[in-house]
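Reviewing the structure listed below.
Where a number appears in this text, it was derived from the coordinates with a stated rule and is not lab data. These numbers were taken from a predicted model, which means no experiment stands behind them. Counting neighbours? That spans all protein chains shown, and the Cβs are built from the backbone with ideal geometry, glycine included.
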Amino acid sequence: MAHVQQVADRIGANVNKVIVGKTWEVKLALIALICQGHILIEDIPGVGKTMLAKSIAKSVGCSFRRIQFTPDMLPSDVTGVSVFNQKTSEFEFRPGPVIAQIVLTDEINRATPKTQSALLEAMEERQITVDGVTYPMPRPFQVLATQNPIEYEGTFPLPEAQLDRFLMRISLGYPTKADEITIMDAQRKVHPIDMLEQVISAEELMQIQDEVRDIFIDDQIKTYIVDLVDATRHHGDVYLGASPRGSLALYKTGQALAAIEGRDYVIPDDIKALAEMTLAHRLIVSPSARLKSVDSRTVVGEILDTVPVPGSKGRR
């Protein structure tokens with residue numbers, strides 16, 4: 001797995017030139033990219049959500065499109081539309097912005113559920129269907145969606161089916177005082193994103209995406225993953241627990257984290273480190289628990305404290 005680690009280190013070092021002081025969050029974004037999964041970035045404006053997506057796209061040489069979601073947006077504004085060509089007397093498909101390798105859907109919860117649902121097929125089946133014709137998405141393909149947790153005015157909560165399609169939910173948070181000074185100095189004359197260079201090709205990215213699937217996971221670790229997910233379905237404060245997608249998310253991200261760390265096997269600490277990011281957004285906390293200020297992250301933390309951690313054994 002040395003090759004995967006080297007490639008991930010190159011991408012991470014490049015992205016960290018723009019996203020200052022967020023090494024772990026950048027690593028999480030790389031894990032999702034390597035797993036071919038989508039990310040929901042829930043945070044306040046101005047902390048670098050858009051820059052994170054642009055930096056990753058430039059680092060791996062992928063096409064990048066940004067979609068600004070608004071209440072008046074239609075599904076066809078996302079997927080594309082068929083237009084009648086008078087010269088040929090035929091309909092021609094004009095692809096929408098979702099047909100790109102890395103797609104940033106900014107403020108996704110400002111669009112209506114009908115428009116949000118336009119992403120469902122693209123995120124899960126890696127294709128879109130317009131007027132009965134199916135168009136495959138390019139590879140690699142990743143959606144990075146942002147939403148603001150504070151400004152609820154004029155927003156629409158993401159449906160459970162939409163949330164479940166995100167591999168993980170992350171938050172960047174405010175920078176430290178020292179990092180904020182570094183950011184100001186770095187942007188004194190020009191933004192670092194303008195000088196960012198490509199470090200690998202899209203083909204090399206797809207190669208490591210395939211290599212990560214060979215990471216070994218012991219049966220005890222698989223059982224631990226299932227036990228964690230099953231515990232969310234029987235927790236007293238949870239109305240709806242995580243689906244099998246949650247188990248798959250923990251499985252795949254555990255493999256990617258192990259590879260990034262230079263290991264060819266997954267350990268329990270990998271699973272524990274990724275549980276909150278991959279499971280919390282899939283849970284619906286009961287109304288009575290919300291009255292007690294219990295949220296899904298708290299629930300996942302309690303489950304990690306109570307579910308026994310197995311001893312791992314290396315590959316024989």
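Overview of results
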{"read-out": "Members of K58/K114; K252/K272; K177/K272; K54/K177; K27/K58; K17/K272 lying beyond 20 Å, as alpha-carbon distances in this model show", "value": "K58/K114; K177/K272; K54/K177; K17/K272"}
{"read-out": "Residue with peak Gaussian network fluctuation, the chain [Cα springs, cutoff 10 Å], from R297, R139, R188", "value": "R188"}
{"read-out": "Candidates D210, D269, D131, ranked by Gaussian network fluctuation over the chain, Cα under 10 Å, top entry", "value": "D131"}
{"read-out": "Burial order of peptide ranges 75-82, 102-109 (average beta-carbon count within 10 Å, highest first)", "value": "102-109, 75-82"}
{"read-out": "At R0 = 25 Å, FRET efficiency that the Cβ-Cβ distance of L120 and K87 yields, to 0.05", "value": "0.10"}
{"read-out": "Cβ-Cβ FRET estimate between E203 and T306, R0 fixed at 45 Å, reported to 0.05", "value": "0.50"}
{"read-out": "Simple spin-label estimate for T70 and T182 in nanometres, 7 Å along Cα-Cβ", "value": "3.7"}
{"read-out": "Cut-off under 5 Å, modelled amide H: who pairs with V130 long-range", "value": "Y135"}
{"read-out": "³J(HN,Hα), Karplus 6.51/-1.76/1.60, whole Hz, each residue of region 117-126, x for Gly, Pro", "value": "5, 5, 8, 4, 5, 5, 6, 8, 8, 6"}
{"read-out": "Share antiparallel - DSSP beta bridges, the chain, percent rounded to 5", "value": "40"}
{"read-out": "Sites D230 and L163 - FRET efficiency at Förster radius 25 Å, r taken between beta-carbons, to 0.05", "value": "0.85"}
{"read-out": "Total formal charge among the other residues, if their Cβ is under 14 angstrom from that of D194, Lys/Arg +1 and Asp/Glu -1", "value": "+4"}
{"read-out": "Nonlocal amide H pairs with S286, under 5 Å, H built at 1.01 Å", "value": "V238, Y239"}
{"read-out": "³J(HN,Hα) computed for each position of region 78-86 - Karplus, 6.51 cos²θ - 1.76 cosθ + 1.60, integer Hz, glycine/proline x", "value": "9, 7, x, 8, 8, 10, 6, 9, 5"}
